[in-house]
């Protein structure tokens, strides 16, 4: 394989990574510059970020019955992993990690507002990164049953599984940051009638930056793996 094709391949991967990661890079720059528009200045469609105050209580969390405008339940299980020994004749040990096995988010729309107007937020497909959460280790059967209307808990079991539950919630009358997609089908629609399909809801700006930086680094890791594979293939073709 000619070196020209190798460089062309690497250049193609880099360009593809930049194009694929452009929305994420745009969000990171927007967050770092703190250029978050007011509600009235939001575009009619596309990726948006907005900051505002949530409306009055419309819901309660499923387990602790806390007042909120939106909630998210995440059930994690402790997974045991075998760690192989560096010496083939020596026995290995065990390591543990947490895996999300159930997740459910409220579907009710809620509003956030600033001094220029208000807008609806659709939380159902969002990732909530919040300080307002309740950590519930080793939930008993009563707690598990409280989740039954919201997520399939019949197969969770308790006898041989180590579980934890995170109950996250967006409080009423509190400041939140939202990143998502807005699609205003009617140009005459008022801001109060418009809706953002939230991707991330957080109560801290740095949480959003960490979330998108991590996503950018993961995409970069995939690109590096592809480039390394191409270089290995090129070296192999020389022999």
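The values are calculated or read from the model by the stated rules, or taken from the named source; none is laboratory data. Just so it is clear, the model here is predicted, and its values are computed rather than measured. Here Cβ is always computed from backbone atoms with ideal geometry, including for glycine, and neighbour counts include all displayed protein chains.
Numerical summary
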quantity	calculated
Meets criteria (surrounded by 13 or more Cβ atoms within 10 Å (Cβ to Cβ) and either in contact with a helix residue (DSSP H, G or I) (Cβ under 9 Å, 6 or more places away or on another chain) or under 25 Å from residue 183 (Cα atoms) (or both)) for residue 52	yes
Output for the range 33-49, where each listed residue is surrounded by 15 or more Cβ atoms within 10 Å (Cβ to Cβ) and touching a residue at least 60 places away in the same chain (Cβ under 8 Å)	36, 39, 42, 47, 48, 49
Per-region count, the range 115-147, residues part of a strand (DSSP E or B), over 15 Å from the mean Cα position of the chain (by Cα) and over 15 Å from residue 196 (Cα atoms)	5
Where residue 102 falls short, out of the listed (1) under 18 Å from residue 169 (Cα atoms); (2) at pLDDT 90 or above	(2)
Checklist (1) touching a helix residue (DSSP H, G or I) at 6+ places or on another chain (Cβ under 8 Å); (2) at pLDDT below 80; (3) part of a helix (DSSP H, G or I) applied to residue 36, failing item	(3)
